[in-house]
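Contents: one structure, followed by commentary.
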Ligand code: SF4
């Protein structure tokens, strides 16, 4: 096993996994075989002094015997110079034949801000390619698009998470925080202990729904109709905050008119949610002095995800919530740096500072920081699924450099994507273990991980946090910053690719200055002294902005915009051949594609493999017993899982977690027209007893 040398006893850092970014102390004990102990930090408000099962066991990632410590060139061990020389040579050859866009880059929402920034700069400045996007497009891009069009800014929670404890009501649509980020529940529990009420919208009775005062259980793919129905009730029952709407918003008349068509009985027929329950939810929201409406992936990962989130934002605006202290709308971001990862240039359409890549002023600013001419910056590229789908095709990229992502497991229609990856002239994967995607690569570059490196992460509140190095990396692994520099030097002899995260962050501050996500005033010293700084923070004497919308929204006229939206059915509905809805999600013990958590014995023991959750009535009809292996068949593929029978799921729906290869063979790559989010959360399947 790789051994570890402590950098400092009890190093204060953050969890490697989700967007809550709980604080933890990492201690390495040299005396007893290099054991690594994790304890929670009390000083980071988001985690409220807690950790979940994943956080407690994160130290085992550092000593995993499955850790990669040498580059692999077509499966054989190679030296770093040999591997990087080879990659640079192949990139040159591909670009000579196919032009700059012949090479693509794919990033991840778990990369630090420094890596995300450097990846975008490397793609555009060294490779000259427009073909860069990242897996966050699969995560919260619908909410980002909807908040941008309503508020002129996308910051997951535009208020500190601790505000939730002061609310009188919280509505959570499509989020199972009790499993995905358990310490989040502490804020909801504090709210309920004060007498506040929790409403959960989810097709399943999840661990979170079990704690709710009211649970609405819609048919998968109908959250948009439900939000329209709730708005209809709020309007017809006279619960609209007319003064707020007049003073702080625009566009309500069109939304009021369109909501008139979504009377509760019609919505009940579409969603299956009884009218009385809708009225109860509207009353809880309408009676609350302070309230928050939150969305998670369940509402967002649809081909109408942006409109669904807009419908919930319209509801929040009608009630006068956003921009009032203790109230608001927020997106519960999922990946560890899901927020920062979307701000600094690894998205196909963005430059650092959350600037649009087609904005001439933004291009001029970033080009000046990078020391190039604006016309040398490529334009917008393909979104994540479109990029993966184009690989190896006529006119598509012929080579891919992939960092911090495992699309063979996590992309929709994953079998097709594996085929596209297999058709490339060159696939390079940087990872710490041999993930399913790395196993397909021509070149695998072993990279350092969370506690072995420094950098910053921006959590779901928009609070920039410091990830400190706690242990030395194993010899043989290099950071992504070192990898990018190694390639930049070989390809362009380029300066401007330092390997010290602090140096990269200082440049990121300059590049983001004046942008929406302005980090200019944030320093490592301030983050350490203040346990995090909220962006925007334009100057070192600026306090940061925990609640950016208190006085005005980030739109040209300072008003939040209502956006009229209409419900439409899922892209793929159930029929005689595929009579059940399949929806997917996470379980407590695992994270994302499982590349890390499936390698931790305790987590593997907790949930060792995929399962199919189904209702007892459906199980009886199919003559299925608990623990039996089931085959789930859809239009794009099939997979297997062990039967879990639960009355907490709708009889017309089955659920599978997505932490293992398989379920995304079935999911639908139909894309949201605004955000390009695939429709992960609903497709049509049939279920059979395997064998
Ligand atoms: Fe906290 Fe998320 Fe890590 Fe769990 S996985 S310890 S909730 S940051």
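The values are calculated or read from the model by the stated rules, or taken from the named source; none is laboratory data. Since the model is a prediction, treat every value here as computed from it, not as a measurement. Here the Cβ positions follow ideal geometry from the backbone for every residue, glycine too, while neighbour counts run over all protein chains shown.
Matching residues to (1) in a loop (DSSP other than H, G, I, E, B); (2) at pLDDT below 95:
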residue: 189; (1), (2): no, no
residue: 215; (1), (2): no, no
residue: 225; (1), (2): no, no
residue: 235; (1), (2): no, no
residue: 238; (1), (2): yes, no
residue: 254; (1), (2): no, no
residue: 258; (1), (2): no, yes
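Residue selection: residue 185 satisfies the criterion of being within 16 Å of the ligand (Cβ to nearest atom) and in the same structural domain as residue 305 (by TED's automatic domain parsing).
Among the conditions (1) modelled with pLDDT of 95 or more; (2) in contact with a helix residue (DSSP H, G or I) (Cβ under 9 Å, 6 or more places away or on another chain); (3) not in a loop (DSSP other than H, G, I, E, B), residue 93 misses just one, which is (2). Determine whether residue 37 is modelled with pLDDT under 95, surrounded by 15 or more Cβ atoms within 10 Å (Cβ to Cβ) and more than 12 Å from the ligand (Cβ to nearest atom). Here the answer is no, as residue 37 does not meet what is asked. Entry remark, region 492-508: residues being assigned to a helix (DSSP H, G or I) and crowded, with 18+ Cβ neighbours inside 10 Å number 5 in total.
Taking into account only those residues within region 592-602 that are under 23 Å from the mean Cα position of the chain (by Cα) and outside any loop (DSSP other than H, G, I, E, B), which is surrounded by the fewest Cβ atoms within 10 Å (Cβ to Cβ)?
Residues of region 592-602 under 23 Å from the mean Cα position of the chain (by Cα): 592-600.
Of the ones still in play, those that are also outside any loop (DSSP other than H, G, I, E, B) are 597-599.
Working: 597: 25, 598: 21, 599: 18.
Ranking the candidates gives 599 first.
Tallying residues that are outside any loop (DSSP other than H, G, I, E, B) and closer than 18 Å to residue 658 by Cβ within region 603-628 yields 7.
Which residue out of 157, 164, 172 is within 16 Å of the ligand (Cβ to nearest atom), under 19 Å from residue 319 (Cβ atoms), in a helix (DSSP H, G or I) and at pLDDT 95 or above? Don't jump to the end; show me each part of the working.
Working: 157 fails: in a helix (DSSP H, G or I); 172 fails: in a helix (DSSP H, G or I).
Criteria check complete, one pass: 164.
With respect to the conditions (1) closer than 30 Å to residue 89 by Cβ; (2) surrounded by fewer than 18 Cβ atoms within 10 Å (Cβ to Cβ), residue 531 lacks only one, and its number is (1). Check region 47-55 and report whether any residue there is in a helix (DSSP H, G or I), away from the ligand (no atom under 16 Å from the Cβ) and buried (at least 22 other Cβ atoms within 10 Å of the Cβ). No, region 47-55 contains no residue that is in a helix (DSSP H, G or I), away from the ligand (no atom under 16 Å from the Cβ) and buried (at least 22 other Cβ atoms within 10 Å of the Cβ). Every test in (1) in contact with a strand residue (DSSP E or B) (Cβ under 9 Å, 6 or more places away or on another chain); (2) more than 20 Å from residue 367 (Cβ to Cβ) is passed by residue 96 save one, and that test is (1).
None of 316, 364, 283 is touching a helix residue (DSSP H, G or I) at 6+ places or on another chain (Cβ under 6 Å) and either part of a helix (DSSP H, G or I) or without any contact (Cβ under 8 Å) to a residue 12 or more places away in the chain (or both) except 364.
Matching residues to (1) at positive phi; (2) surrounded by fewer than 24 Cβ atoms within 10 Å (Cβ to Cβ); (3) touching a residue at least 40 places away in the same chain (Cβ under 8 Å); (4) in contact with a strand residue (DSSP E or B) (Cβ under 8 Å, 6 or more places away or on another chain):
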position: 88; (1), (2), (3), (4): no, yes, yes, no
position: 113; (1), (2), (3), (4): no, no, yes, yes
position: 117; (1), (2), (3), (4): no, no, yes, no
position: 122; (1), (2), (3), (4): no, no, yes, yes
position: 144; (1), (2), (3), (4): no, no, yes, yes
position: 153; (1), (2), (3), (4): no, yes, yes, no
position: 166; (1), (2), (3), (4): no, yes, yes, no
